[in-house]
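Read the structure below first, then the notes.
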Amino acid sequence: MSIAIALDGPAGAGKSSIAKRAAKALGYIYVDTGALYRTIGLAAMRAGVEPQPSAEVDSLLSRITVSLEFNEQGEQVVLLDGEDVSSLIRTPEASMMASKISAVPSVRAYLLDLQRDMAKTHNVIMDGRDIGTVVLPDAKIKIFLTASPEARAERRYKELVEKGTDTTFEEVLRDVKERDYNDSHRAIAPLKPAEDSILVDTTELDFEQSVEAIINVIKENR
Ligand code: DC
């Protein structure tokens, strides 16, 4: 039987970088489910389809193939119709599109089996919004990783500046708050801690301390 760890929390809490490191240290596969929603968002952008429930979105879903692979370094690669879109899905536009399209019920249903299959075949730390509540309700450990909106915006702002993206802190903070609102107010699978989740708040923690906190929670509970 494979072991599943559900890691949920808002955008920019550092889930992906923290979980990647913890997964490596513990010998688990890190699965970033946000990349799947981003990929569908990218497909919608390319097709000029609005991110809301519609026959157009359903028809788009029936035409595309989204799949996950792991490269030699064990890093996740996401494919849209066989094309590696792992970098293309990381722009602010793709983030906002992903947040909007992830509220479409048929999009969530479309991605459910793909996520569950990953957990059936591997020991995973699965990162998302609804992993502990919907995707893997029987996960062995559920962690809800969060930090204040300001701390999360600060981190994301630094990342974007490092990548050379032209933006301001205020703009990033506004995006963080707008995505929080979208992600936690949608009718289906909203972002909320599972009842049996363990809360880890990284507002006051640096990266190394956050990794340590997650590893400790996993070791103490597995
Ligand atoms: O984790 P991320 O920022 O890459 O996720 C992109 C968007 O996808 C985010 O705004 C919410 C959505 N998402 C979701 O609804 N459910 C998940 N399990 C993962 C992401």
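Read the figures in this text as sums done on the coordinates, not as results from a lab. Please read all numbers here as calculations on a predicted model, not as lab measurements. Positions of Cβ are generated from backbone atoms using ideal geometry, with glycine treated the same way; all protein chains shown enter the neighbour counts.
Note the full-extension length gain between residue 50 and residue 203 as 0.36 nm times their separation in residues minus their Cα-Cα distance, in nm to one decimal. Let's see the in-between values first.
Numbers: separation 153, 0.36 × 153 = 55.08 nm, distance 3.49 nm.
So the extension gain works out to 51.6 nm.
Would you mind counting up the charge near residue 170? Only other residues with Cβ under 13 Å from its Cβ, with Lys and Arg at +1 and Asp and Glu at -1. Show your work: numbers first, answer last.
Values: positive: 156, 174, 177; negative: 150, 154, 171, 175, 178.
So the surrounding residues net to -2.
Taking the stretch 18-174, how many lysine pairs are there with alpha carbons less than 20 Å apart, if each pair must be eight or more places apart or span two chains?
Total qualifying Lys-Lys pairs in the stretch 18-174 comes to 10.
In sequence order, what are the phi-derived ³J(HN,Hα) couplings for the stretch 93-100 according to the Karplus relation 6.51 cos²θ - 1.76 cosθ + 1.60 with θ = phi - 60°, rounded to whole Hz, with x for glycine and proline?
Coupling constants for the stretch 93-100: 5, 5, 4, 5, 5, 5, 4, 6 Hz.
Between beta-carbons, use under 13 Å as the cut-off and find the net charge around residue 211, counting Lys and Arg +1, Asp and Glu -1. Present the calculation step by step, with values, prior to reporting the outcome.
Working: positive: 15, 20, 21, 24, 219; negative: 206, 208, 212.
Neighbourhood net charge equals +2.
Can you tally the net charge around residue 46? Count Lys and Arg as +1, Asp and Glu as -1, for every other residue whose Cβ sits under 14 Å from the Cβ of residue 46.
After counting each charged neighbour, the total is -3.
Using packing as a proxy for protection, rank 175-185, 117-127 so that the peptide with the highest average count of other Cβ atoms within 10 Å comes first.
Packing order, densest peptide first, comes out as 117-127, 175-185.
Along the charge dipole of the stretch 111-222, Cβ charges K/R +1 and D/E -1, which of 205, 145, 135 sits furthest on the positive end?
135
Averaged across orientations, what area in nm² does the convex hull of the alpha carbons in the chain project?
Averaged projected area of the chain's Cα convex hull equals 11.7 nm².
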